[in-house]
Amino acid sequence: MYIDGDILELDIEMDLEEVKALQAFVKDRLGYIEEISLLRSGTGLPTTSALFSLLFCMKKVKPSLKIDFMNTLSLDLESFGMMYWNTHE
């Protein structure tokens, strides 16, 4: 996790403890974050779905939050293929 101004950069390989720390970190700072980008290190594969759950909740609380993979409605998980989802507005 790295914050550069109003952009929060997250590693897609965050484990559950790191996601819990992220949740505590953004709890009081969500109003200041304008964009979240996912970075890939190592295998580039997620280790837990908790990160995606937290990101979807953050987007619901702050709809103006820019999260690139959510706007495209898909995410390339390399060896697992593409992950798609539907949105209901």
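Below, the figures for the structure above:
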| read-out | value |
| --- | --- |
| PHE56, sole failed condition from (1) open to solvent by less than 50 Å² (accessible area, probe 1.4 Å); (2) out of contact with any strand residue (DSSP E or B) (no Cβ under 8 Å at 6 or more places or on another chain); (3) farther than 15 Å from ILE3 by Cβ; (4) at pLDDT 85 or above | (1) |
| Long-range neighbours under 9 Å by Cβ, at least six apart or interchain, first residue at positive phi within the stretch 32-48, second open to solvent by less than 50 Å² (accessible area, probe 1.4 Å) and of a type in the set (A, V, I, L, M, F, W, C) | GLY44/ILE12; GLY44/LEU77 |
| Top-ranked residue of the stretch 23-45 - restricted to ones that are under 18 Å from MET70 (Cα atoms) and charged (D, E, K, R), ranked as most open to solvent (accessible area, probe 1.4 Å) | ARG40 |
| Selection within the stretch 1-22 - in contact with a helix residue (DSSP H, G or I) (Cβ under 7 Å, 6 or more places away or on another chain), surrounded by 13 or more Cβ atoms within 10 Å (Cβ to Cβ) and farther than 20 Å from LEU75 by Cα | LEU22 |
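The values are calculated or read from the model by the stated rules, or taken from the named source; none is laboratory data. Everything numeric in this text was worked out from a predicted model, so none of it was measured. Cβ atoms come from the backbone with ideal geometry, glycine included; neighbour counts cover every protein chain shown. Heavy atoms of the whole protein, side chains included, go into the accessibility calculation; ligands, DNA and RNA do not. Shrake-Rupley method; radii C 1.70, N 1.55, O 1.52, S 1.80 Å.
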